[in-house]
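J.: Here you go, one structure.
A short reminder: the numbers here are calculations on the coordinates, not readings from a lab. Bear in mind the structure is a predicted one, so any value in this text is a computation, not a measurement. When we count neighbours, we look across all protein chains shown, and the Cβ atoms used for this are built from the backbone with ideal geometry, even at glycine.
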């Protein structure tokens, strides 16, 4: 059993040191746990994408609530969440071009789930949507810019 299975921190420190030694020209390739290194790098990429999917879904959810919910009181909270979450997304996409390139697909992928969630949440509150949820669609620009439905939101 390797450290990978019992002590991931020790394993990662050892693998990092080995990779740096390889980078410096040492011949320690046979000591690297290549299979698990590759798996961890792949997981890191999935994690970065997931870190972007969750806030994008939150923005879509709250934009849809602003469009469809008849409720008045929570609107400012939804707007605040959108503003705060957009700032977090902006920080995330500064970390890499690939994340920026994935945004259109992430926005498209998160729509259906976010709208299903809004439908369930409105139903929990006994609310009938003001507009049908199915045709609601937000573009990447609407999700990430200062845009709000019907000119709502901060100026």
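J.: Just to be sure I understand, how many residues within region 1-29 are surrounded by 15 or more Cβ atoms within 10 Å (Cβ to Cβ) and either touching a residue at least 12 places away in the same chain (Cβ under 8 Å) or part of a loop (DSSP other than H, G, I, E, B) (or both)?
T.: Of the residues in that region, 5 qualify.
J.: Here's something else I'd like to know. Go through region 40-56 and give me each residue that's surrounded by 18 or more Cβ atoms within 10 Å (Cβ to Cβ) and either out of contact with any helix residue (DSSP H, G or I) (no Cβ under 8 Å at 6 or more places or on another chain) or touching a residue at least 60 places away in the same chain (Cβ under 8 Å) (or both).
T.: If the condition is that a residue be surrounded by 18 or more Cβ atoms within 10 Å (Cβ to Cβ) and either out of contact with any helix residue (DSSP H, G or I) (no Cβ under 8 Å at 6 or more places or on another chain) or touching a residue at least 60 places away in the same chain (Cβ under 8 Å) (or both), then 56 is the only one that fits.
J.: Inspect region 30-48 for any residue being closer than 24 Å to residue 127 by Cα, under 15 Å from the mean Cα position of the chain (by Cα) and assigned to a helix (DSSP H, G or I) and give the result as yes or no. Even if it seems obvious, please write down each step before you answer.
T.: As a first pass, look at region 30-48 and keep what is closer than 24 Å to residue 127 by Cα: none.
No, the conditions are met nowhere in region 30-48.
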